[in-house]
1. Expressed as a whole number of Å, what is the distance separating the alpha-carbon centroids of the range 25-73 and the range 141-165?
2. List the aspartates and glutamates whose alpha-carbon lies under 13 Å from that of LYS87, not counting same-chain residues fewer than 8 positions away?
3. Indicate the gyration tensor shape class of the range 3-180 (rounded, prolate or oblate), computed on the Cα atoms with a ≥ b ≥ c the square roots of the eigenvalues: a/c under 1.5 is rounded; otherwise a/b larger than b/c is prolate and the rest oblate.
4. With 26 Å as the limit, write out which pairs from LYS27/LYS172; LYS59/LYS172; LYS27/LYS148; LYS20/LYS164 have Cα-Cα distances beyond it, or answer none.
5. Report the one residue of MET147, LEU43, GLN167 whose Cα lies farthest in the direction of the positive end of the charge dipole of the chain (charges on C-beta: Lys and Arg +1, Asp and Glu -1; origin at the Cα centre).
6. Check each of the chymotrypsin sites (Phe, Trp or Tyr not before Pro) in the range 61-170 and keep only those in coil by DSSP with at most 15 other C-beta atoms within 10 angstrom; list them in order.
7. Loop only by DSSP, 12 or fewer other Cβ within 10 Å of the Cβ. Give me the trypsin sites (Lys or Arg not before Pro) in the range 71-146 that pass, ordered by residue number.
8. Would you calculate a helix-derived [θ] at 222 nm for the chain, using -39,500 (n - 2.57) for each DSSP H run of n ≥ 4 and dividing by the full residue count, to the nearest 500?
Amino acid sequence: MQYQIAVVVGSLRQESLNKKLADALCKLAAPEFSFKQLSIGDLPLYDQDDDKSQAAAVKQLKSDIQASQGVLFVTPEYNRSIPGVLKNAIDHASRPYGDSAWRGKPAGVLGVSVGAIGTALAQQHLRTVLAYLDMPTLGQPEAFIQMKDGLFDASGAVGEGSRKFLQGWMDKYTAWVRQHVVR
């Protein structure tokens, strides 16, 4: 079976460390897994008045999520929580009420930051939101990654010092997806 994973990066920054991490992680997955990074920067601000006539970008986001067998969230931490652009995307794809694209999709959550605690608090907040959305979320291993020299090699792949841990994380996540996919 082939598995399509939607990747949601919670940063819009051109040189985002989390985008770089997402790209590097995808290279660690088994060949039957493919990844599609979803566009969240062009979404309008969520407004419940728009639920009956969602913007084209919102419809595309929901369609991409629905076509996936899992979702990988890679997010920075802003002010001890998730970035607004990520929350906006989550809200759009969960609406209108009763028509959530997220429901049942096995999720993986991680992120990288220059801070010593990585993105621990953002991840905790995100996990709370995902629980409400009925997304089975991989609990262990947790991945609170601090950006340090050597995390990525010159080609942008995961560096030697972090490869074993991140390969183990990806192996656990792909097993999680296999376990939760309805055939």
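Read-outs throughout are calculated quantities, based only on the coordinates presented, and are distinct from any laboratory measurement. Keep in mind it's a predicted model, so treat the numbers as computed, not measured. Don't worry about glycine lacking a Cβ; one is built from the backbone with ideal geometry, like all the others, and counts go over all protein chains shown.
1. 26 Å
2. ASP47, GLU77
3. Working: a/c = 1.78, a/b = 1.48, b/c = 1.20.
Cα axes put the range 3-180 in the prolate bin.
4. Details: LYS27/LYS172 15 Å; LYS59/LYS172 31 Å; LYS27/LYS148 20 Å; LYS20/LYS164 18 Å.
Distance filter (> 26 Å) returns LYS59/LYS172.
5. After comparing all options, I get GLN167.
6. Values: sites: PHE73, TYR78, TYR97, TRP102, TYR132, PHE144, PHE152, PHE165, TRP169; in loops: TYR97, TRP102.
Within the range 61-170, the qualifying chymotrypsin sites (Phe, Trp or Tyr not before Pro) (loop, at most 15 other Cβ atoms within 10 Å) are TYR97.
7. On the way: sites: ARG80, LYS87, ARG103, ARG127; in loops: ARG80, ARG103.
In loop regions of the range 71-146 (DSSP not H, G, I, E or B), the sparsely surrounded trypsin sites (Lys or Arg not before Pro) are ARG80.
8. Details: 5 runs with 65 residues, N = 183.
Dividing the helical sum by the residues of the chain leaves -11500 deg cm²/dmol.
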